[in-house]
Structures are given as structure tokens and as C-alpha cells.
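What follows is a short report on a single structure.
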Amino acid sequence: VPAAPRPQQQVQMGDLVQPGAGVAAPKLASNLDPRYPPAAKRLNRAAQVDVKVLVDEHGKVLDADRIGAKAGFGFDEAAIDAARRAQFQPATKDGVKVKMWTTLRVNFRPM
């Protein structure tokens with residue numbers, strides 16, 4: 001006797017999801033406002049830092065980690081700080097607000 005098909009799992013608000021069918025990734029809703037590290041400013045340095053962020057169902061950042069090569073000169077810490085303060089439109093899966101990891105690129109250019 002063939003097994004009956006299992007009903008598909010319904011997504012719940014706040015579930016952690018991966019990219020896939022029916023998933024809309026979180027979108028940055030505020031300006032990213034990185035604080036230029038003083039040592040880097042004095043040395044006229046530029047950098048870009050990629051930060052992986054966990055955005056909750058309310059658009060708040062729960063966790064942030066640098067990914068890729070370390071930039072140094074205080075850029076890594078400033079990028080993580082900016083990412084933690086960012087506001088997002090939360091990710092959705094089938095119209096339900098969910099948690100999801102996404103990547104932010106934080107650019108630092110001397111003025």
C-alpha cells in the first residue's frame with residue numbers, strides 16, 4: 001500500500017528559513033550608517049566589508065558576523081556595528097514574516 005502523501009509544513013511567523021520557493025529576502029529599510037574608524041580616516045583608507053546578518057520577523061538584526069577577508073583599521077568592527085543598527089523589511093515565506101540570514105556590503109570611502 002503506498003504511503004499517503006504527508007501534508008506540507010505550514011510556515012509559522014518567526015520560523016528561520018533558507019532562500020527558496022515562496023521566500024522573499026529581507027530588504028534594507030534604513031540607510032546604513034557606518035561610523036568611519038578614526039585611524040582609517042587619518043590614513044585616508046577605504047574598505048568594503050561583507051557582513052552576514054540574521055534579520056528577525058520584525059526587521060531587527062539579531063546577529064551579525066563579518067565574512068570574507070579582514071579589512072583591519074577598525075573597519076570590521078564599524079561594519080558590524082552599522083549592520084546591528086540597520087532596520088530591515090523582514091523576509092517572508094508565502095506571505096508570512098520569518099527570520100532569515102542575508103548579507104550586507106558596508107562600503108567605507110574617504111571624503
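Looking across the stretch 8-54, the residues that are more than 13 Å from the chain's Cα centre (by Cα), assigned to a loop (DSSP other than H, G, I, E, B) and closer than 21 Å to ALA78 by Cα come down to ASN31, ASP33, PRO34, ARG35, TYR36, PRO37, LEU43, ASN44, ARG45, ALA46. Taking the numbered list (1) open to solvent by 80 Å² or more (accessible area, probe 1.4 Å); (2) in a loop (DSSP other than H, G, I, E, B); (3) among the charged types (D, E, K, R) in turn, GLU57 passes all entries but (1).
Annotation note: Cβ proximity below 9 Å between a residue of the stretch 64-84 that is within 20 Å of LEU43 (Cβ to Cβ) and in contact (Cβ under 8 Å) with a residue 24 or more places away in the chain and a residue that is of a type in the set (Asp, Glu) and open to solvent by 30 Å² or more (accessible area, probe 1.4 Å) (sequence gap 6+ or interchain) occurs for ALA79/ASP50; ALA82/ASP33. On the stretch given as the stretch 83-98, residues that are in a strand (DSSP E or B) and either open to solvent by 30 Å² or more (accessible area, probe 1.4 Å) or in contact with an Asp or Glu (Cβ under 7 Å, 6 or more places away or on another chain) (or both) total 7. Of the residues VAL17, VAL51, VAL96, VAL1, the single one that is modelled with pLDDT of 95 or more, out of contact with any strand residue (DSSP E or B) (no Cβ under 7 Å at 6 or more places or on another chain) and among the β-branched types (Val, Ile, Thr) is VAL96.
The residues of the stretch 26-54 that are charged (D, E, K, R) and either in contact (Cβ under 8 Å) with a residue 40 or more places away in the chain or open to solvent by less than 40 Å² (accessible area, probe 1.4 Å) (or both), listed by number, are LYS27, ASP33, ARG35, LYS41, ARG45, ASP50, LYS52.
Within the stretch 11-25, the set of residues being closer than 12 Å to PRO90 by Cβ, aliphatic (A, V, I, L, M) and either free of Cβ contacts under 8 Å to residues at least 60 places away in the same chain or surrounded by 15 or more Cβ atoms within 10 Å (Cβ to Cβ) (or both) comprises VAL17, VAL23, ALA24, ALA25. Looking for something assigned to a strand (DSSP E or B) and either of a type outside the set (D, E, K, R) or within 11 Å of the chain's Cα centre (by Cα) (or both) - is there at least one such residue anywhere in the stretch 69-82? No: zero hits.
The values are calculated or read from the model by the stated rules, or taken from the named source; none is laboratory data. This is a predicted model, so every value here is computed, not measured. Reconstructed Cβ throughout: ideal geometry from the backbone, glycine too, with neighbour counts over all protein chains shown. For the accessible areas, the whole protein counts, side chains as well, though only heavy atoms, and no ligand, DNA or RNA atoms are used. Shrake-Rupley method; radii C 1.70, N 1.55, O 1.52, S 1.80 Å.
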